[in-house]
Amino acid sequence: MQIRTLPDARAVALAAADAIAAVVRDKPGAMLALPTGKTPIATYAELQRRFGAGAVDLSRTTVWAVDEFAGPTRATPGTNSVFYRTHLGVPLRALHIPNPSAQDPDEHIAAFAAAIARSGGLDLCVLGIGTNGHIAFNEPPSGADAPARVVTLSPSSREAHAESFGGLERVPPRAMTLGVADLLAARRILVLATGAHKAAIVRRAIEDSPTADVPASWLQQHPDCAWLLDAAAATDLR
Ligand code: GLP
C-alpha cells in the first residue's frame, strides 16, 4: 500500500480531487465508487470548484454509492441519497445509489453489486474508514470475502449519523453495503482519513495483520491501494 501523509484535511481533499480527476482524464467513461461521510465532503466541493472552472469533466463518468441505509425513503435527511444530492454537485453520466426503501434489501444490494461487475467493474473505489474500522458499511467482523449484504449497524456507526438523521432514535438499525469482496475487486482503491479520532484505527488498519475485526485491514491485500492521511490521522503510525 502507498501511504501519503499531508499536513491537513484541506491538502487531503486537494490530493483526492487530483487522483479522481486523473482517473477521469485517462478514462472519461470511468466507473467510480464514491463514499459518503464527513471526510469526502471537502473533496467533492473541490471537484465542484474545478468543474466550475472547466478543469474537470465527469459528464461521461458513472458513480456508484458504496452503501445506503435500509428502511427510509430516498428523501429522508441522513440517507446517502440525500447526501449525494447535497454534496456531489457535478454533472455525471449516472449516479447509482441503492434504494433505501427497496422491498427486499438483500436481493436489491446483491443485484446492485452484480450490476457493477456486469458493467465492467470499478476503475477507482474511494473509501473512508469508520472509527471501528468499517469500510462502506462492512462492520466488524467482516471477512475479505464478505459479499454485498444487509448489515446491522454498530452503535458507533449509528451515533456517527445521529445528527444527520435528527436524533439517534431516527437512525435506521440496518444498512445495505457493497461487500469487502466487491470493494477489493476495484482496480484501484483510495482511502481518505482525517482527524485525530481516526489515528488509532488507521494504525491498526495499516500496521496490524489483516483481520475481520478491522475490515479496512483487508485493503493491505489489494495490489493498488493508496491512503491519503492528514497529519492528525497519521499520528499513531510507526
Ligand atoms: C460512514 C459510511 C462510510 C464512511 C464512514 C466514515 O458511515 N458508511 O462509507 O467511509 O462512515 O465516515 P466519516 O467520513 O464521516 O468519518
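All of the numbers you see were taken from the coordinates with simple rules; none came from a lab. Everything numeric in this text was worked out from a predicted model, so none of it was measured. In this analysis, Cβ positions are derived from the backbone assuming ideal geometry, glycine residues included, and neighbour counts consider all displayed protein chains.
If you take every DSSP beta bridge whose two residues both sit in the chain, what share of them, in percent to the nearest 5, is antiparallel? Provide the component values of the computation, followed by the final result.
Numbers: 9 of 31 bridges.
DSSP beta bridges in the chain are roughly 30 percent antiparallel.
Over the Cα atoms of the chain, what is the Rg over Rh ratio if Rh follows Kirkwood? Walk me through the numbers before you get to the answer.
On the way: Rg = 16.4 Å, Rh = 17.6 Å.
My calculation of the ratio gives 0.93.
Order these by the 10 Å Cβ neighbour count, fewest first: M1, M176, M31.
Working: M1 15, M176 29, M31 23.
Least to most surrounded, the residues fall as M1, M31, M176.
Which residue fluctuates most in the GNM of the chain (Cα springs below 10 Å): R118, R93, R174?
Largest GNM mean-square fluctuation: R118.
Using the Cα atoms of region 149-222 to build a convex hull, what is its mean projected area in square nanometres?
The directionally averaged projection comes out at 5.7 nm².
For region 10-114, what percent of Cα pairs sit more than 19 Å apart?
Numbers: 2414 of 5460 pairs.
More than 19 Å apart: 44 percent of the Cα pairs in region 10-114.
From the alpha carbon gyration tensor of region 60-126, can you work out the equivalent ellipsoid semi-axes (sqrt of 5 times each eigenvalue) and give them in Å, largest to smallest?
Working: eigenvalues 74, 60, 13 Å².
Equivalent ellipsoid of region 60-126: 19, 17, 8 Å, largest first.
By how many nm would the segment from A22 to T86 lengthen if fully extended, with 0.36 nm per residue of separation less the alpha-carbon distance? Each step should come with its number before you reach the end.
Numbers: separation 64, 0.36 × 64 = 23.04 nm, distance 2.38 nm.
Additional length available on full extension: 20.7 nm.
Go ahead and set up a Gaussian network model of the chain, Cα springs under 10 Å, then flag whichever of A148, A205, A22 fluctuates most.
Fluctuation is largest for A22.
Obtain the radius of gyration and the Kirkwood radius of region 105-238 from its C-alpha atoms and give Rg over Rh.
On the way: Rg = 14.8 Å, Rh = 15.3 Å.
Result for region 105-238 is an Rg/Rh of 0.97.
Within region 20-71, list the trypsin sites (Lys or Arg not before Pro) lying in a DSSP loop whose Cβ has at most 16 other Cβ atoms in a 10 Å radius. Mind showing how you got there, number by number?
Numbers: sites: R25, K38, R49, R50, R60; in loops: K38, R60.
Loop-located and lightly packed - K38, R60.
Give me, ordered by chain and number, the residues 5 or more places off R188 or on other chains with an amide H under 5 Å from its own placed amide H.
L124, C125
If amide hydrogens are placed 1.01 Å from N in the peptide plane, which non-local residues have theirs closer than 5 Å to the one on L237?
Amide H neighbours of L237, under 5 Å, 5+ apart: none.
Rank these for me by crowding, S156, S209, going from fewest to most other beta carbons within 10 Å. Provide the component values of the computation, followed by the final result.
On the way: S156 12, S209 8.
Going from least to most buried by this count: S209, S156.
Computed over the Cα atoms of region 191-234, what is the ratio Rg over Rh, Rh following Kirkwood?
Working: Rg = 10.0 Å, Rh = 10.5 Å.
A ratio of 0.95.
Counting only residues 5 or more places away or on other chains, whose amide H sits under 5 Å from the amide H of I3 once H atoms are built in the peptide plane?
W227
Compute the distance from the alpha-carbon center of region 83-146 to that of region 166-197, in whole Å.
A separation of 8 Å, based on Cα centres.
Based on other C-beta atoms within 10 Å, arrange D57, D104 from fewest to most.
On the way: D57 15, D104 10.
Final ranking by Cβ density, sparse to dense: D104, D57.
To one decimal place, what Kirkwood hydrodynamic radius in Å is obtained for region 43-174 from all pairs of distinct Cα atoms? Mind showing how you got there, number by number?
On the way: mean 1/r = 0.0625 Å⁻¹.
About 16.0 Å, per the Kirkwood formula over Cα pairs.
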